[in-house]
1. Assuming 0.36 nm per residue, please report the length gained on full extension of the stretch E181 to K137 beyond their Cα-Cα distance.
2. Could you work out how much longer the chain between T77 and M196 gets when fully extended? Use 0.36 nm per residue separation minus the Cα distance between them, nm to one decimal.
3. If you count, for each residue, the other Cβ atoms within 10 Å and average over each peptide, how do 42-51, 89-98 line up from highest to lowest?
4. What is segment 123-204's relative contact order, in percent, from Cα pairs under 8 angstrom and six or more apart in sequence?
5. Keeping every protein chain present and rolling a 1.4 Å probe, give me the accessible area per residue for segment 125-171 in Å².
6. Which ³J(HN,Hα) values in Hz, rounded to whole numbers, follow from the phi angles of segment 132-144 under the Karplus curve 6.51 cos²θ - 1.76 cosθ + 1.60, where θ = phi - 60° and Gly and Pro get x?
7. Less than 17 Å apart at the alpha-carbon level, and either on another chain or at least 8 residues along: which lysines does that give for K140?
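The values are calculated or read from the model by the stated rules, or taken from the named source; none is laboratory data. All figures in this text were calculated on a predicted structure; none of them were measured in a lab. Backbone-built Cβ (ideal geometry, glycine too); neighbour counts: all protein chains shown. Ligands, DNA and RNA are stripped out before the accessible areas are found, and what is left, the full protein with its side chains, is counted by its heavy atoms. Shrake-Rupley method; radii C 1.70, N 1.55, O 1.52, S 1.80 Å.
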Amino acid sequence: MFPFNYSVPTPNPLVGGGAPPAPASQDSDSDDPTVYRGNNHKLQFHGNERTMNLNPLILTNIQGSPYFKVELFGVKTFHEVVDEIYYKVDHLEPWATGSRKTAGRSQTGMCGGVRGVSAGGIVSSAYCLLYKLYTLKLTKKQVMGLVNHCDSPYIRGLGFMFLRYTLPPGSLWDWFEPYLEDEEEIDVKAGGGKSMTIGEMCRLMLTRLEWFDTRYTCMACSGTIRSSSSLIVLSQVPPDCCQC
């Protein structure tokens with residue numbers, strides 16, 4: 001065995017003449033949208049981080065739901081949640097079909113219970129999965145994957161709902177504007193009967209607080225949402241509605 005000659009410099013792979021560095025592993029998670037990487041990729045949040053700005057009764061029903069507590073407990077990654085949405089979501093109401101009763105009758109419709117939910121029911125898989133997405137601390141790339149998903153309009157719908165519940169009002173236009181003329185069809189009502197385009201749904205989210213038996217967060221603090229060609233203003237927003 002020959003002794004090492006310290007007078008001969010060891011080749012530096014970063015300097016000319018040395019071997020090139022090995023390519024990055026193909027298994028690197030640098031492009032994996034399920035990997036959370038801190039504030040550089042984190043979406044802005046507006047409102048109550050503990051509740052995701054959900055109605056208290058809806059949140060209580062989500063957290064007590066066997067579906068959320070048991071079935072979704074083992075669902076850990078973004079891709080697994082997306083798969084659940086694909087198989088389990090067929091509407092975007094907060095309550096399962098026919099499960100909510102008010103004054104002895106079922107209450108349905110886009111504007112029911114606008115100040116909150118007066119009676120509980122079986123919370124929908126859509127809202128359980130919406131809250132599950134929130135617990136994953138989604139990155140911008142993940143949310144883009146939701147709103148542009150090609151397999152199911154309900155994956156896209158929950159992506160837009162996630163943005164509407166969590167983004168600062170001033171950021172909504174930049175996210176929603178490219179989709180206002182999107183023509184993919186989605187039926188948002190439990191049991192069917194309220195079909196609309198993705199674009200129509202996005203416009204509703206920007207111009208109305210009511211969403212079936214609940215409400216989105218108030219945008220009165222921001223006043224308006226502006227683009228270069230149009231102005232969308234929330235109409236008839238009561239002065240006491242703001243939860244900010």
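1. Here the segment from E181 to K137 would lengthen by 13.0 nm.
2. 39.8 nm
3. 89-98, 42-51
4. Answer for segment 123-204 is 20 percent.
5. Heavy-atom accessible area per residue stands at 27 Å².
6. Taking θ as phi minus 60°, the curve returns 4, 4, 4, 5, 7, 6, 4, 8, 4, 5, 5, 5, 4 Hz for segment 132-144.
7. K42, K132
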